[in-house]
Amino acid sequence: MAHTHFLTPGPSELFYTVADHMKTALKENICEISHRSKQFQQIVHHTIAQLRELFQLPDHYYITFTASATEVWERAIQNLSEESTLHLVNGSFSKKFYDFSKQLHRQADKWEVPLGCGFDITQMPTFQSPELLCITHNETSTGVSMPLADIYALRQQFPDALLIVDAVSSAPYPAIDFTQIDSLFFSVQKCFGLPAGLGVWIFNERCVAKAESLLQKGKSIGTYHSIPSLVNAIRKNETPETPNMLGIYLLGKVAEDMNRRGIKTIRQETDGKAAIAYHSLQQYPDKFSLFVSNPNHRSPTVIVANVLNRPAANFIAFCKQYHIVVGSGYGNLKETQIRIANFPTHSKETFRHLADLMEKW
């Protein structure tokens, strides 16, 4: 039976080493050991060490684990703001981050631009400096990516704000200078090619100080997954609760595989595959059009195109006949768009095959 390649933006195709790592995990009883055992502490230590190497993370940043990236939206607002947040909104997921802040009764402001558009930082409206500035590096719903230079410019514009970056569908691709941000988070079912059910939240000492100051004021910052609780546990290579131990184990193994391959190589391969996809889509203007018009804002990891003259579902069904699954558009764009994931596990050969299918369709 032919292998099916999932170019869906999450959950996506498993990283090619995951099956072997899962077999090893079962042999070593990873799913059955105590989460307070020395063996699990060693697993957590290994996973954190591999992620630190992969992200070139400074020592004063913590790596902690949550149930999902969605959870981090809530935990970040609870722990890093007392009153005010500011959100850059250009798609469904950045909008949901903003909505969470409103639901938690913060004074949430937003700078919103149309779907498919990025932000021109020079045209940013005037906002009072928030406690928490929320940026989505890669908007999964629309395929818009924010240049890192623009994120760093916002750091200079709002130096007193804590700056948090949603890198759910881009990490570890962007070469982020962590000294320019305070926090970053992602989930594992996209670029890391793992089963869903694990979020990773990275934050620095500024974030810890903010959470502790809110706690001292008697403010609610959540319970078992508050920043102080997460930090207290991770210092012992533990988690506050019984976590997704298999997910943490697999993440450490895949991060180690990525380090062995080299993050520079992974980034170069990602750029090469993105070039194939974008070039192929532009070759057939009667079939497709790129959703993101500004090349500087086109995501290398989630490529979004309008399907012309026929339903997008027709192209998706055509590709499935050849064992390639591409994603549909998000929300109201489901019927008219496709989304193509370009993650480290996806091969250049698969992208060349997809380009051939674009021609045949």
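Throughout, read-outs are computed from the coordinates displayed, never taken from laboratory work. If you're wondering where the values come from, they're calculated on a predicted model, not measured in any experiment. Cβ coordinates were reconstructed from backbone atoms using ideal geometry, including for glycine residues, and neighbour counts include every protein chain displayed.
Residues whose amide H lies under 5 Å from that of W201, counting only those 5 or more places away or on a different chain, are T64, F65, T66; hydrogens are built 1.01 Å from N in the peptide plane.
Specify whether the C-alpha gyration tensor of the chain places it in the rounded, prolate or oblate class, a ≥ b ≥ c being the square roots of the eigenvalues: rounded for a/c under 1.5, otherwise prolate if a/b is larger than b/c and oblate if not. Here the chain falls in the oblate category.
Starting from the amide H of S141, placed 1.01 Å from N in the peptide plane, find each other amide H under 5 Å away whose residue is 5 or more places distant or on another chain. Under 5 Å from the amide H of S141 lie the amide H atoms of S92, F93, each far enough along the sequence or on another chain. With a cut-off of 13 Å between beta carbons, the residues surrounding W201 carry a summed charge of -3, where Lys and Arg count +1 and Asp and Glu -1.
Distant-in-sequence amide contacts of L162, defined by a placed amide H-H separation under 5 Å and a gap of 5 or more residues or a different chain, comprise L132, L133.
Straight-line reach from K217: which aspartates and glutamates fall under 14 Å, measuring Cα to Cα and dropping same-chain residues less than 8 apart? Here the aspartates and glutamates satisfying the reach criterion relative to K217 are E82, E83. In region 1-152 the Cα-Cα distances spread across 10 Å bins starting at 0 as 9, 26, 31, 22, 10, 1 percent of all pairs. For region 214-361, the alpha-carbon coordinates run over 61, 38, 31 Å along the three principal axes, in decreasing order.
Backbone phi angles across region 271-279, fed through the Karplus curve with coefficients 6.51, -1.76 and 1.60 (θ = phi - 60°), yield HN-Hα couplings of 4, x, 5, 4, 4, 4, 5, 5, 5 Hz in residue order; Gly and Pro are listed as x. Annotation for S220 and Q39: the two label points, set 7 Å from Cα along the Cα-Cβ direction, are 3.9 nm apart.
Rounded to whole numbers, the Karplus 3J(HN,Hα) couplings from phi for region 23-32 are 4, 5, 4, 5, 5, 8, 6, 4, 6, 10 Hz, using 6.51 cos²θ - 1.76 cosθ + 1.60 with θ = phi - 60°, and x at Gly and Pro.
Please state the relative contact order of the chain as a whole percent: Cα pairs under 8 Å, 6+ residues apart? Kindly include the intermediate steps, with their values, before the conclusion.
Details: 673 pairs, mean separation 88.2, N = 361.
Taking the mean separation of contacting Cα pairs over the length of the chain, I get 24 percent.
Couplings 3J(HN,Hα) for region 261-270, derived from phi with the Karplus relation 6.51 cos²θ - 1.76 cosθ + 1.60 (θ = phi - 60°), are 6, x, 5, 5, 5, 4, 5, 5, 5, 4 Hz, where x marks Gly and Pro.
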